[in-house]
Amino acid sequence: MSGKNQVSGEKARKPIGRPLTGAAAAAASAPKAKPRKAPAPKRPGRPRLVDDAAVAAIVRELHTLYPEAQTALLHEDPLQLLVATILSAQSTDVRVNEVTRTLFRKYRTAADFADADPATFEGEIRPTGFFRNKTKLVIGAARRLRDVYGSEVPRVMDDLLTLPGVARKTANVVLGSAFGIADGVVVDTHIRRLSFRLGITREDDPVKIERDLMRRVPREEWIFIGHGLILHGRAVCHARKPRCSVCALATWCPRNGVTVSA
């Protein structure tokens, strides 16, 4: 087949419209830019640390707000408080008090708890949650009290820390509320949140938070500050939506008006 016939058998394609030139051609050939996503809202950064005068003012105001602040765990002696505090892990004080009202009528001494039938005890404390592990801890602590400490709850931090289920938080609760001994500061979820928000500490670790509280709050206030912050956390400075507009500590709080969890 000749070249002439080959050309004549094909249909010539003509461009539609005028060809693009210059900047227009460059723009048309450039890759299309992806649409930009709206930036995510920024989470508020760490609050500034307040000065010692503000810390002192916060403590004074907490005394005004909660003059009778004390642990909400019902107890008649150090042993009952120790058991109640172990049961309070991952539970509420209200639920623990409901359980211990009956529990403490049956188990009155360290020997009673030490000799408890684990299966029966699990059923008795089941509403507090994690009942199998808590049963091991309570019975284990009671056996050590019976065998090592003459069935008496020790008044020394190092001795308390040898009991199953007892870390610094529980030991501080027992020492402070049962014996009036200020050997440290209780750090629970409320105290952790409020001490951070109020700028008393910038730490997240409970051990470091306790260290800062002990450094910045006078020793004679160590027992009270824990109770006061817990009560204020429950009443006003909630985790998700703190009630800053009615908070008596707003004057000193570097996160006044912030309504996201910290």
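Being surrounded by 18 or more Cβ atoms within 10 Å (Cβ to Cβ), in a loop (DSSP other than H, G, I, E, B), touching a residue at least 12 places away in the same chain (Cβ under 8 Å) and in contact with a Gly (Cβ under 9 Å, 6 or more places away or on another chain) is a property that holds for VAL186.
A quick yes/no check of all residues on (1) hydroxyl-bearing (Ser, Thr, Tyr); (2) at pLDDT 95 or above; (3) under 30 Å from ALA182 (Cβ atoms); (4) assigned to a helix (DSSP H, G or I):
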site	(1), (2), (3), (4)
ARG132	no, yes, no, yes
VAL138	no, yes, yes, yes
ASP147	no, yes, yes, yes
PRO154	no, yes, yes, no
ASP158	no, yes, yes, yes
LEU163	no, yes, yes, no
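Quick check on VAL185: is it at pLDDT 95 or above and closer than 18 Å to THR71 by Cα? Yes, satisfied. Restricting attention to the range 196-212, the residues being under 15 Å from the mean Cα position of the chain (by Cα) and free of Cβ contacts under 8 Å to residues at least 40 places away in the same chain number 7.
Residue selection: ARG215 satisfies the criterion of being among the basic types (Lys, Arg) and either surrounded by fewer than 14 Cβ atoms within 10 Å (Cβ to Cβ) or assigned to a helix (DSSP H, G or I) (or both).
Among the residues making up the range 49-95, those that are touching a residue at least 40 places away in the same chain (Cβ under 8 Å) and charged (D, E, K, R) are ASP52, GLU61, ASP77. Is it true that some residue in the range 247-260 is in contact with a helix residue (DSSP H, G or I) (Cβ under 9 Å, 6 or more places away or on another chain) and part of a helix (DSSP H, G or I)? Scanning the range 247-260, I find no residue that is in contact with a helix residue (DSSP H, G or I) (Cβ under 9 Å, 6 or more places away or on another chain) and part of a helix (DSSP H, G or I), so the answer is no.
Residue by residue, here is whether (1) surrounded by 10 or more Cβ atoms within 10 Å (Cβ to Cβ); (2) of a type in the set (Gly, Ala, Ser); (3) at pLDDT below 95 holds:
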{"position": "PRO31", "(1), (2), (3)": "no, no, yes"}
{"position": "LYS34", "(1), (2), (3)": "no, no, yes"}
{"position": "ALA38", "(1), (2), (3)": "no, yes, yes"}
{"position": "ASP51", "(1), (2), (3)": "yes, no, no"}
{"position": "ALA56", "(1), (2), (3)": "yes, yes, no"}
{"position": "LEU62", "(1), (2), (3)": "yes, no, no"}
{"position": "PRO78", "(1), (2), (3)": "yes, no, no"}
{"position": "VAL83", "(1), (2), (3)": "yes, no, no"}
{"position": "ASN97", "(1), (2), (3)": "yes, no, no"}
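Working only within the range 83-100, note down all residues that are part of a helix (DSSP H, G or I) and either under 13 Å from ASP188 (Cβ atoms) or within 21 Å of the chain's Cα centre (by Cα) (or both). Across the range 83-100, the qualifying residues are ALA84, THR85, ILE86, LEU87, ASP93, VAL94, ARG95, VAL96. If you filter the range 189-209 down to residues that are assigned to a helix (DSSP H, G or I) and among the charged types (D, E, K, R), you find that the one that is surrounded by the most Cβ atoms within 10 Å (Cβ to Cβ) is ARG197.
The values are calculated or read from the model by the stated rules, or taken from the named source; none is laboratory data. Everything quoted here is computed from the prediction, not taken from an experiment. Counting neighbours? That spans all protein chains shown, and the Cβs are built from the backbone with ideal geometry, glycine included.
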